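Quick notes on the structure that follows.
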Amino acid sequence: MLEELIAFDKSLFLYIYSLSGSTLPDFFFSAVSHLADFWLWLIVVPIVYYYDGKEKKYFKLLLLGLIVSEILTGFLKISIGRLRPLSEIATSFPSGHSSRAFFAASILSVQMKNRAWILYSLAALVGVSRIYLGYHYPLDVIFGALLGYGIGWLALKYKDKLIS
């Protein structure tokens, strides 16, 4: 069963990756992928926190959760050791970009209820971009998304205890 799942994962990766190579889609997916770069969020979150006087607790939660997400995905990557599709040295499981994107969407959607669908759509596009660009297998992205959403759910559930 596991072997069949991994074989399907690899074949789905090969199909999605085979769609790459056109200038406009390559540029689009590269730009989308950068929306979940860790360094970008470390710059954006404190700026937003500084200018938002009303709901600073959510931005504290966002920063804390992004750090937790980074630590957990890093630990899992080292522990599991699955190599990236096009690399013989870098690990890929789970996708840190997907984890960060879905975590951020889960936290920000509380404040932007009417735009939650946009946030989750962007998070999904980040995940697809990681496959399209050849950095991850689909299961890396799916597990990263579930991990990020799960961290977000837990952070919201315990927000009063986490940021008091």
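Laid out as a table, the results:
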item	result
Close pairs (9 angstrom Cβ cut-off, 6 or more residues apart or separate chains): among the acidic types (Asp, Glu) in the range 19-35, in a loop (DSSP other than H, G, I, E, B) anywhere	Asp26/Ser20; Asp26/Leu133
Out of Ser121, Ser87, Ser79, Ser109, sole residue that is of a type in the set (Ser, Thr, Tyr), more than 11 Å from the chain's Cα centre (by Cα), assigned to a loop (DSSP other than H, G, I, E, B) and surrounded by fewer than 20 Cβ atoms within 10 Å (Cβ to Cβ)	Ser87
Matching entry among Tyr149, Tyr132 (being among the hydroxyl-bearing types (Ser, Thr, Tyr) and modelled with pLDDT of 95 or more)	Tyr149
The range 25-69, residues that are of a type in the set (Ser, Thr, Tyr) and modelled with pLDDT of 80 or more	Ser30, Ser33, Ser69
Test for Ile142: is it within 27 Å of Pro85 (Cα to Cα), surrounded by fewer than 19 Cβ atoms within 10 Å (Cβ to Cβ), of a type outside the set (Lys, Arg) and in contact with a helix residue (DSSP H, G or I) (Cβ under 9 Å, 6 or more places away or on another chain)	yes
Sole exception among (1) in a helix (DSSP H, G or I); (2) buried (at least 18 other Cβ atoms within 10 Å of the Cβ) for Ala36, by number	(1)
Contacts under 9 angstrom Cβ, first residue in the range 110-134 being on the phi > 0 side of the Ramachandran plot and in contact (Cβ under 8 Å) with a residue 60 or more places away in the chain, partner surrounded by 15 or more Cβ atoms within 10 Å (Cβ to Cβ) and part of a helix (DSSP H, G or I), 6 or more apart	Gly134/Phe13; Gly134/Tyr17
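The values are calculated or read from the model by the stated rules, or taken from the named source; none is laboratory data. This is a predicted model, so every value here is computed, not measured. As a convention, Cβ positions derive from the backbone with ideal geometry for all residues, glycine included, and neighbour counts pool all protein chains shown.
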